[in-house]
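A short write-up of the structure that comes next.
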Amino acid sequence: RGAGIETGCALIPLQGGANNRVYQVEVGPTSYLLKAYFNHPDDPRDRLASEFEFCRLARENGIRTVPEPLGRDDASHLGLYEFVEGRVISAAELGAAHVAEALDFLQALAAIRDRARSLHPASEACFSFKEHLECIRNRGSYATVGKIRLGISATYLSMGFETFCFALLENPALVQAV
């Protein structure tokens with residue numbers, strides 16, 4: 001309600017995610033994304049604050065490839081975002097345009113990095129190649145390469161960062177072309 005959404009909405013569970021639950025909220029002709037963030041008393045990370053503030057900062061700085069953050073309830077660990085229509089794409093569909101889009105996004109982030117210093121690190125944030133390798137080593141076969149679970153671009157939204165990275169590794173000609 002704090003985001004201006006009243007009763008009379010439909011809540012549709014969405015597939016995907018690991019520790020979090022994600023729903024499409026339909027209010028008349030408008031859809032939103034509601035994310036219920038994992039929280040455990042022994043885990044001090046504030047996933048909601050990290051992701052919500054990242055999206056807020058990106059949007060405030062003209063980066064439109066992340067969903068607009070609309071509201072949050074810290075006590076309930078809920079974040080409300082703009083709903084982005086899309087579909088899951090396969091590694092076989094990954095092309096040069098997707099890689100170029102990801103690089104554009106990373107360049108836009110690099111341009112605002114000084115403004116992002118006050119943000120809390122994401123749950124599995126890595127800030128160097130060495131940290132990425134350590135993350136992979138710690139995760140075993142579930143290799144996470146700086147996984148980002150919300151936003152970034154249509155490619156990341158549909159494939160996930162891990163799948164995207166592995167698709168690039170399996171297609172060196174694509175990387176060479178870009």
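Annotation: Cα Rg of segment 24-107 relative to the compact-globule expectation 2.2 N^0.38 Å equals 1.29. When the charge dipole of segment 42-84 is built from unit charges on Cβ atoms (+1 for Lys and Arg, -1 for Asp and Glu) and taken about the Cα centre, the candidate among Phe83, Pro44, Gly62 whose Cα reaches farthest toward its positive end is Gly62.
Taking amide H as placed 1.01 Å from N in the peptide plane, Gly71 has its amide H under 5 Å from the amide H of Leu80, each at least 5 places away in sequence or on another chain.
Computed over protein heavy atoms with a 1.4 Å probe, the carbon and sulfur contribution to the accessible area of segment 42-120 reaches 52%. Here segment 30-78 and segment 83-106 have alpha carbon centers that stand 22 Å from each other.
The values are calculated or read from the model by the stated rules, or taken from the named source; none is laboratory data. Small disclaimer: the values here were computed from a predicted structure and weren't measured. Quick reminder, even Gly has a Cβ in these numbers, built from the backbone with ideal geometry, and neighbours come from all protein chains shown. With ligands, DNA and RNA removed, areas are computed over all heavy atoms of the protein, side chains included. Shrake-Rupley method; radii C 1.70, N 1.55, O 1.52, S 1.80 Å.
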